[in-house]
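Remarks on the structure that follows.
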Amino acid sequence: MLVYLLRRLYQATFVLLGVMTIVFFLLHLSGDPTQLLLPLDATAAERAAFRTQMGFDDPLALQFVRYFLQVVQGDLGYSYRHGEPVLGLILERVPATFQLTLASLTLAILVAIPLGVVAAVRHGTATDSAAMTFALLGQATPVYWLGLLLILLFSVKLGWLPSGGRAGPETLILPAFTLAVFSMARIARITRSGMLDVLGQDYIRTARAKGIVERIVVFKYALRNAAIPLITVIGLEFGVLLGGAVITETVFSWPGVGRFAIDSIFARDYPVVQGIVLVLSSVFVIINLAVDILYTYLDPRIREAGAFK
Amino acid sequence: MKIRSLLTVAVASVAAFGMAGVALAKVDRVVVAQGVYPVSFDPHRDVGIPSRVVNANVFESLVVRDVKLQLTPGLAESHKRIDDTTWEFKLRKNVKFHNGEPFDAQDVKFSLERVLDPAEKSPQRGWINTVEKVVVVNPLTVRIVTKGPDPVLPARMSLIFMVPDKYTREAGNEKFAASPVGTGPYKVGKWVRGDYVDLDAYDGYWGPKPSVKSARFRAIPDTAARVSALRAGDVHLITNLPPDFLDTIRKAPNLAVETVPSSRVLFIALVNKQGPMKDERVRQAINHAVDVKGIIDGLLLGNGKRSGSVNGHLLRLLGESFEEPLYEYNPAKAKQLLAAAGYPNGFEVSLDSPSGRYTMDKDISQVVASQLAAVGIKVNVKIHEWGTYTGKFTTHNVEPMYMLGWSLPSLDPDHWATPLLGAGEPIANFESEKVNGIITAARRELDPAKRTALYRDLNREVHKEAPWLFLFQYVDTYGVNSSAIGWMARSDETINLREMTLK
């Protein structure tokens, strides 16, 4: 197990290195940040002086090496705009994003899995169609539109919930629900198709033939087997939500990493964008690793197939 | 019957909750929502308006613009010019920073030198680049020496906020930005980056005590969400209300729309270095071919004022008289002028346009293109994201037509003339000896009346030479919860809490 872990971590460093290189060069291709950092009427001499100060004049390769050496020492550099260390700026916002992601994912799972199971068990009935219509609607509803609609209803009309910002738990309800709807739909559909596959297997028929209670057949025999692809999807969904909460964060003025990333991209604040991508991809790599480990717990076949040799 | 009465109750309760949405009760804390969070509470770190809006409540400058935009004493009780290049500022007595440190001449020297020092990388350096040196005469007198005659110096001094010498040095830049200390009527309280910053009245403030004791500046980037927050009663003042929301706000009980002519002008520059644009008649023809009033009424729902000069709107904002010359919308005349210039069948040209930077920017570009097509000028509109676009127009890398909006917080007429039309300026692309001559003379003229006269001349000449397709001066729009606060919008886009009253 330890060898396996170490090997995966070793591979992960290459993934992160690749991400770092690609992001660095892509960003620097997108233009010179000087224009956005200085007032529009700055003179050519002021611009030139500023560029030299910031090190933008050096060859790109040199800038990359400098950045690389910094990062391996755990230093993500200083934000061009804020003049403060990037890592601190990102970590300030990570809790907000994690809170929103975890809340919506939990909500999505709590709703979607029972929904998917019911749809599969009642396959072909009106319940199934209703559940899948709901899922389809969820997937087709634009997050932006749903968010605004919820604000109009619950904040403007009813005055029950705050329209945005991040303060008490009441501020989490609307954004978490908005963000959850899309994942809910996807998870429900995967649960349903996974369950349908499994429910048609011989061992289920055997279990039923042995007279095992249907509830146990469904939840213990079927769901546990159907859970394997589900875990992958949920793991991926977590990553998607982390980086993809931008629209929800914007509509609900939630001070998370996603919005910060977008702002920084538009401001050409390269160190911040690079930092966010590195932090988020590290999280993504860790989630993937966690999913793989969870697999081996859920599916003994993988263990035996030699993942740990 | 029963069902109907149940329905009535339901509808009534929804209506009641709806009413409860907009706060009627007296507010303890005024909440202002801008679209963007301040970049930094270090007042020398950013040149953007959202940072300035917050920082102007925490920090003060030597000279300030009052509600009528006139330069009035700030931290300096008075200032006078000693000779062509030396200005003396007498500082206010008994002013203390929020940490108790007394404010004196050394803080002025430190603050200005902090902005000027290249190692500090302050983007505001260009705002005071005419300053040669700062000399402390005594604790309450400071002299600023400029590199040449600079009539704009007092206006420049309204831009730079004073920070405490001792505290800033000891704290270092990062700590200073985290716990800033100024002399202003408000102290920075609790803040969460990207979300909100609280400002609390500073008891030791030297000036009149403000009516608003506590305020919060929030960032709500999405326009529709910002409007909803106002309607829900969560915020009391919102900035950048787009035209299509004005009606919603006007109709809502307890809410009002506050408008003010902005110092920002929008125009499409016509590069006269080569091609058809070299001919003055072609540039005039373009001005006659576009129905600017139609654009203002149709796209901005009336929230703009036509312009026909470079800084005429600004002279008026500053209280000077100037009658704006305007081009008549007359496509037939445009065609005549084009024919006279040798382009009876028109020509083809490209137009660079930003997207999402100014209200309705790319839509305006497209309307302009279609109207120019009607007189035979085929315009290819090229739309750019703002970051990419700044890289183009700050390096002369632009098409013969390009859209730009312009406003600088100094509000000095020169800061419209020199950067936009002066010879050799990084973002100017117009060559005219006459125009440049007047601009240069005005920039050196130390007599205010003569200077204004020069700008009147300049505006008439610019109108004739038509370096731009003149569009309009924006009207800034704000949404206000008028049952909670009383406030008047300013043309310089700042929100001074001390000018606000609680109801």
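The values are calculated or read from the model by the stated rules, or taken from the named source; none is laboratory data. Values in this document were obtained by computation on a predicted structure and should not be read as measured data. Don't worry about glycine lacking a Cβ; one is built from the backbone with ideal geometry, like all the others, and counts go over all protein chains shown. Just the protein is used for accessible areas: all its heavy atoms, side chains included, with ligands, DNA and RNA removed. Shrake-Rupley method; radii C 1.70, N 1.55, O 1.52, S 1.80 Å.
Mean residue ellipticity at 222 nm, helices only, chain B: -10000 deg cm²/dmol; runs of at least 4 DSSP H residues each add -39,500 (n - 2.57), and the sum is divided by the number of residues. Legend: distances between Cα atoms for A:K157/B:K209; B:K109/B:K213; B:K273/B:K335; pairs beyond 25 Å are A:K157/B:K209; B:K109/B:K213. Surface burial for A against B, with a 1.4 Å probe and both sides summed, reaches about 4000 Å² of accessible area. Counting only DSSP beta bridges whose two residues both lie in chain B, roughly 80 percent are antiparallel.
What FRET efficiency comes out for B:E174 versus A:Y10 if R0 is 41 angstrom and r is the Cβ-Cβ distance? Round to the nearest 0.05.
0.70
Of the residues making up region A:238-267, those losing 40 Å² or more of accessible area when the isolated chain is joined by the remaining protein chains, with a 1.4 Å probe, are A:T250, A:S253, A:P255, A:R259.
Hey, for a label at B:M488 modelled as a point 7 Å past Cα toward Cβ, could you say which residues of region B:68-88 have their backbone N under 18 Å away? From region B:68-88, the list is B:68-73. Measuring spread by the Cα atoms of region B:143-265 yields a radius of gyration and Dmax of 19.3, 56 Å.
Enumerate the residues in region B:33-65 having an amide nitrogen under 13 Å from the point lying 7 Å beyond the Cα of B:S211 toward its Cβ. Counting only backbone N, you get no residues.
More than 17 Å apart: what percent of Cα pairs in region A:16-67 qualify?
Working: 555 of 1326 pairs.
Distances greater than 17 Å cover 42 percent of the Cα pairs.
Only protein atoms count toward the accessible area here, which uses a 1.4 Å probe; on region B:371-503, the carbon and sulfur part of that area reaches 52 percent. Pairs exceeding 27 Å between alpha-carbon atoms, taken from B:K93/B:K190; B:K392/B:K450; B:K68/B:K450; B:K90/B:K187: B:K93/B:K190; B:K392/B:K450. Quarter the surface of the alpha carbon convex hull of region A:157-197 and you get the mean projected area, 3.9 square nanometres.
Between the C-alpha center of region B:225-243 and that of region B:295-316 there is a gap of 25 Å. The modelled label-to-label distance for the pair B:N99/B:D203, using points 7 Å beyond Cα in the direction of Cβ, is 2.0 nm.
Over chain A, with the other protein chains present, what is the accessible area per residue in square angstrom, probe 1.4 angstrom? Mind dumping the intermediate values first?
Working: 14700 Å² over 309 residues.
Roughly 48 Å² per residue, with all protein chains present.
Working from the Cα coordinates of the protein assembly as shown, the gyration tensor eigenvalues give, after taking √(5λ), semi-axes of 53, 32, 30 Å in decreasing order.
Of all the options A:G164, A:G147, A:G200, the one that moves most in a Gaussian network model of chain A with Cα springs shorter than 10 angstrom is A:G200. Over chain B, Cα pairs under 8 Å with separation of 6+ residues give a relative contact order of 20 percent.
Our summary gives region A:202-309 a relative contact order of 25 percent, counting only alpha carbon pairs under 8 angstrom and 6 or more residues apart. Legend: calculated FRET efficiency, A:T141 to B:V136, from the Cβ-Cβ distance at R0 = 51 Å, rounded to 0.05, equals 0.20. Both radii were evaluated on the Cα set of chain A; the Rg over Rh quotient, with Rh as the Kirkwood radius, amounts to 1.07.
Given the convex hull of the Cα atoms of region B:406-471, what is a quarter of its surface area in nm²?
Numbers: hull surface 18.1 nm².
Approximately 4.5 nm², given one-decimal rounding.
Taking 16 Å as the cut-off, the amide N atoms of region B:126-157 that come nearer than this to a point 7 Å along the Cα-to-beta-carbon line of B:E320 belong to B:150-156.
So for region A:1-147, Kirkwood radius off the Cα pairs, Stokes-Einstein at 37 °C and 0.692 mPa s: how many µm² s⁻¹? Result for D is 158 µm²/s.
Taking the C-alpha atoms only, the angle from helix A:86-121 to the longest principal axis of chain A is near 20 degrees. Based on Cα contacts under 8 Å between residues 6+ apart, region B:297-403 shows a relative contact order of 26 percent. The C-alpha atoms of region A:105-177 occupy a region whose extents along the principal axes are 42, 21, 19 Å, arranged from largest to smallest. Surface calculation, 1.4 Å probe, protein heavy atoms: B:W206 sits at approximately 80 Å² accessible. Let me know the whole percent of all Cα-Cα pairs from region A:82-218 that are separated by more than 22 Å. Cα-Cα pairs of region A:82-218 separated by over 22 Å account for 54 percent. What Kirkwood hydrodynamic radius do you get for chain B when you take the inverse of the mean 1/r over all pairs of distinct Cα atoms, in Å? Result for chain B, one decimal place: 24.7 Å.
Provide, as a two-decimal number, the C-alpha radius of gyration of region A:161-292 over 2.2 N^0.38 Å, N being how many residues it has. If you can, show how the numbers build up before the last one.
Details: Rg = 20.1 Å, N = 132, 2.2 N^0.38 = 14.1 Å.
It is 1.43.
Solvent exposure of chain B amounts to 38 Å² per residue of accessible area, where only protein heavy atoms count and the probe is 1.4 Å. Within the accessible surface of region A:125-251, defined with a 1.4 Å probe on protein heavy atoms only, the carbon and sulfur portion equals 68 percent. Contact residues in region A:73-93 by the 50 Å² criterion (accessible area, 1.4 Å probe, full protein complex versus chain alone): A:R81, A:H82, A:E84.
How much mean residue ellipticity at 222 nm does chain A get from its helices, if each DSSP H run of length 4 or more adds -39500 (n - 2.57) and you divide by all residues, to the nearest 500 deg cm²/dmol? Display every interim value, and only then the final one.
On the way: 13 runs with 221 residues, N = 309.
Calculated from helices alone, the mean residue ellipticity at 222 nm is -24000 deg cm²/dmol.
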